[in-house]
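The values are calculated or read from the model by the stated rules, or taken from the named source; none is laboratory data. Computed from a predicted structure; not experimentally measured. Every residue, glycine as well, gets a Cβ built from its backbone with ideal geometry; the counts of neighbours run over all protein chains shown.
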2 protein chains.
Amino acid sequence: MLSAVSSLVEVARAAGVSVSTASRVLTGSSHPISAKTRAKVIATAEKLGYSPSALARALVSRSSRLIGVLVSDIVNPYFSVIARGIDDVASRAGYVTMLSNVDRRTSTEISRLRTMRDYRAAGVIIAGSGFEADPLAPDLAVAVGQAKEQGIQAVSLTSRDLGCPVITADNEGAAHDVTDHLLSLGHRRIAFIEGPPGMTTSKQRRDGFLACMNAANLSDVARCLPGGFDFEAGHLAAMRLIARPPLPDAILAANDEAAVGALNALRQAGIDVPGEISVAGINDLRLARFVGLTTVSLPLYEMGAMAAQHVIDALPGDATTTLLSHRVIPRETTARRPPG
Amino acid sequence: MLSAVSSLVEVARAAGVSVSTASRVLTGSSHPISAKTRAKVIATAEKLGYSPSALARALVSRSSRLIGVLVSDIVNPYFSVIARGIDDVASRAGYVTMLSNVDRRTSTEISRLRTMRDYRAAGVIIAGSGFEADPLAPDLAVAVGQAKEQGIQAVSLTSRDLGCPVITADNEGAAHDVTDHLLSLGHRRIAFIEGPPGMTTSKQRRDGFLACMNAANLSDVARCLPGGFDFEAGHLAAMRLIARPPLPDAILAANDEAAVGALNALRQAGIDVPGEISVAGINDLRLARFVGLTTVSLPLYEMGAMAAQHVIDALPGDATTTLLSHRVIPRETTARRPPG
DNA sequence: TTGTATGCGTTATCAT
DNA sequence: ATGATAACGCATACAA
């Protein structure tokens, strides 16, 4: 109340003790302190509205409680769920997350990673997927390396060659498993709406789809269509399918949003889902649950939570990969294929 | 490459200059420096992989480039759009956002606000709505006051009595205007699905609806139903309406997600929208655009962007209110009321 | 144009 | 049980 900004020195002076004593009680040190002085320090700190400088603390202790988070776009529910997982465990441990949107641009990732490094973040969690043949990938890897030398933890949430631990969903396995589910329903001619071109995650999901179709000797009726991760892409792809009959038995989209887009196109065209055709996605967003979309639940929240825990626990930074499990969630957009 | 973590001193020594010189070139100071030394310093900094400590910088300059952001839940698109607006202008100005989810709990808001203060954030943006008769509201206001004394900018994105600038959407006006749109379509008996009970934003939107109905002498056919801001709440409210015919002419939900929930319930019940009944929401989420929901576009992104700019420009912290404009977006879930 | 010295708010080491 | 004091990494006022 008295001074606008009070430092430890002021608290100490006002309490009539030394800075060290004040520091000790305010940090909850195990150092022995008389109950009386402790009380006095706490009281004056309270009265002065003392706020310990996390900056100074981090400077002297050479370690902040900041966790950097690099997402493509926080508006995308895929990333916001991850961010939520991170923040939940971070804030519970007294850490705070620095969030940055990089819009899938590796150059921006590098630049933001540097910023996180400047802030001496305890760790940086890189959530976005990489791209095939990305010319900047090595530069990012170098930046990650420098961060690690600086004692900054780095964790990637997709399989990227960054020289840091990877905690991720099994994209290929997930795509494989929904495909298998579709097959188990009797579907044979399945169309796959791909994710954004060049993106590693897109490739993994397509690979999973194709692998499953191949294993079932169905590669000749497996069909891949260019798509994307948004409503519009799914809608467009489905429109193309509708325009060239016959329709496949089922459509699998690379993610839920595209699947809902496709679903929408089909229903607008008067096509019964799942009566005439089945539709499935990947991710299990809240939206998927709501529209009753069959999908596969990815451990997005858990990936974030585990990555944050990894940073907080300062676990080894070896380039290991942790695959978190997924689960096919059958709902109302898929049904057994009608006989004939 | 040589040392894991290099400080300015090391760069200076390696470059054969004083710390101040090194500092001057690396900060891009206007202080005159010979081209030769400048080049040398830059080169060695680069070679050493020097990363300036933003912590130390903030400590000595008494001002960080951190912006704290308090949202209810980043997974909620309402907030993620705001966060995006903030981050876009923040990162463009070299600032970084610290994000925290408070789950609509005032106590958590207070605690997180303190944390932001400990980090000497340049400013804190409080995005979530308050509640009527919130016993902790005064405490929050006090915390905001302390932050301001400390030189920390505070901006609220909803009208709350926090003693700081408010940059917000005109919730009441928005609800009023969609309602008016519905009336202009010939609808009379309109049901309003409310937001979460007690929330200020809920009240404002309901007030806007009622004000418009009153002005049209239609208060006797205006009906408010308990609801919420999610799919399920909208779905449930619509189910209740369906269970007790006759249906109203139109349904306005307190936000898009609830509106889509209602839409879904109606269509599942075989009711034609907008043939038999019109449906509208508030927010204009991407989802709304996609399903063709009539709604009113709120300046969420702009609120975030403007708030961030406010912080960066260190504008006065008076308790003024800035209302950003909204716009009714007619789409396919509303239609002129059939005669008779 | 360059260098020296001080202080930012803490923690921690070493006395007392 | 308490108190000086030296870093932490940097910017800047003041000298040269």
### Query
Going by the structure shown, is B:A83 loosely packed, with under 15 Cβ neighbours inside 10 Å and away from DNA strand D (no atom under 15 Å from the Cβ)?
no
### Task
Give me a count of the residues in segment B:291-336 that are in contact (Cβ under 8 Å) with a residue 60 or more places away in the chain and not in a loop (DSSP other than H, G, I, E, B).
21
### Query
Among the residues of segment B:91-110, which ones are more than 9 Å from chain A (Cβ to nearest Cβ) and either part of a helix (DSSP H, G or I) or buried (at least 20 other Cβ atoms within 10 Å of the Cβ) (or both)?
B:R92, B:Y95, B:V102, B:T106, B:S107, B:E109, B:I110
### Query
Given the conditions (1) touching a residue at least 12 places away in the same chain (Cβ under 8 Å); (2) away from chain A (no Cβ under 14 Å), and given that B:Q150 satisfies all but one, which numbered condition is not satisfied?
(2)
### Query
Among the residues of segment A:243-260, how many are in a loop (DSSP other than H, G, I, E, B), crowded, with 24+ Cβ neighbours inside 10 Å and among the aliphatic types (A, V, I, L, M)?
1
### Residues within segment B:272-325 that are under 18 Å from B:F209 (Cα atoms), of a type in the set (G, A, S) and surrounded by 20 or more Cβ atoms within 10 Å (Cβ to Cβ), tallied
3
### Message
Quick check on segment A:54-67. Is at least one of its residues β-branched (V, I, T), surrounded by fewer than 16 Cβ atoms within 10 Å (Cβ to Cβ) and modelled with pLDDT of 95 or more?
### Response
yes
### Message
Suppose we filter segment A:288-319 for residues that are within 14 Å of chain B (Cβ to nearest Cβ) and within 17 Å of the chain's Cα centre (by Cα); how many remain?
### Response
5
### Message
Can you confirm whether A:L263 is within 16 Å of A:F229 (Cα to Cα), at pLDDT below 95 and assigned to a helix (DSSP H, G or I)?
### Response
no
### Set A:I126, A:I67, A:I74: member being of a type in the set (V, I, T) and facing another protein chain (nearest Cβ under 9 Å)
A:I74
### Task
For segment B:8-37, name all the residues that are surrounded by 18 or more Cβ atoms within 10 Å (Cβ to Cβ), more than 10 Å from DNA strand D (Cβ to nearest atom) and assigned to a helix (DSSP H, G or I).
B:A14, B:A15
### Query
Given A:V60, A:V75, A:V142, which one is under 30 Å from A:V5 (Cα atoms), free of Cβ contacts under 8 Å to residues at least 40 places away in the same chain and of a type in the set (A, V, I, L, M, F, W, C)?
A:V60
### Query
All but one of (1) within 12 Å of DNA strand C (Cβ to nearest atom); (2) in contact with a helix residue (DSSP H, G or I) (Cβ under 6 Å, 6 or more places away or on another chain) hold for A:A15; which doesn't?
(1)
### Query
Is there a residue in segment A:81-99 that is farther than 23 Å from B:R112 by Cβ and in contact (Cβ under 8 Å) with a residue 12 or more places away in the chain?
no
### Summary
From the option list B:D272, B:D207, B:D256, single residue qualifying as free of Cβ contacts under 8 Å to residues at least 40 places away in the same chain, closer than 23 Å to A:L263 by Cβ and within 25 Å of the chain's Cα centre (by Cα) is B:D256
### Message
Go through (1) within 8 Å of chain B (Cβ to nearest Cβ); (2) more than 18 Å from the chain's Cα centre (by Cα) for A:A83 and report which single condition fails.
### Response
(2)
### Summary
Scanning segment B:18-31 residue by residue, the ones that are within 9 Å of DNA strand C (Cβ to nearest atom) and modelled with pLDDT of 95 or more total 8
### Task
Determine if segment A:44-59 includes at least one residue that is over 30 Å from A:T200 (Cα atoms), more than 12 Å from chain B (Cβ to nearest Cβ), within 12 Å of DNA strand D (Cβ to nearest atom) and β-branched (V, I, T).
no
### Message
I need every pair where a residue in segment B:111-123 that is more than 9 Å from chain A (Cβ to nearest Cβ) and closer than 22 Å to B:S61 by Cβ has its Cβ under 9 Å from the Cβ of a residue that is outside any helix (DSSP H, G or I) and charged (D, E, K, R), sequence separation at least 6 or different chains.
### Response
B:A122/B:R65
#### Entry: Identity of the residue in segment B:61-75, closer than 16 Å to B:A307 by Cβ and not in a loop (DSSP other than H, G, I, E, B), that ends up farthest from DNA strand C (Cβ to nearest atom)
B:V71
### Query
Is there a residue in segment B:277-289 that is over 22 Å from A:V260 (Cβ atoms), among the small types (G, A, S) and modelled with pLDDT of 95 or more?
yes
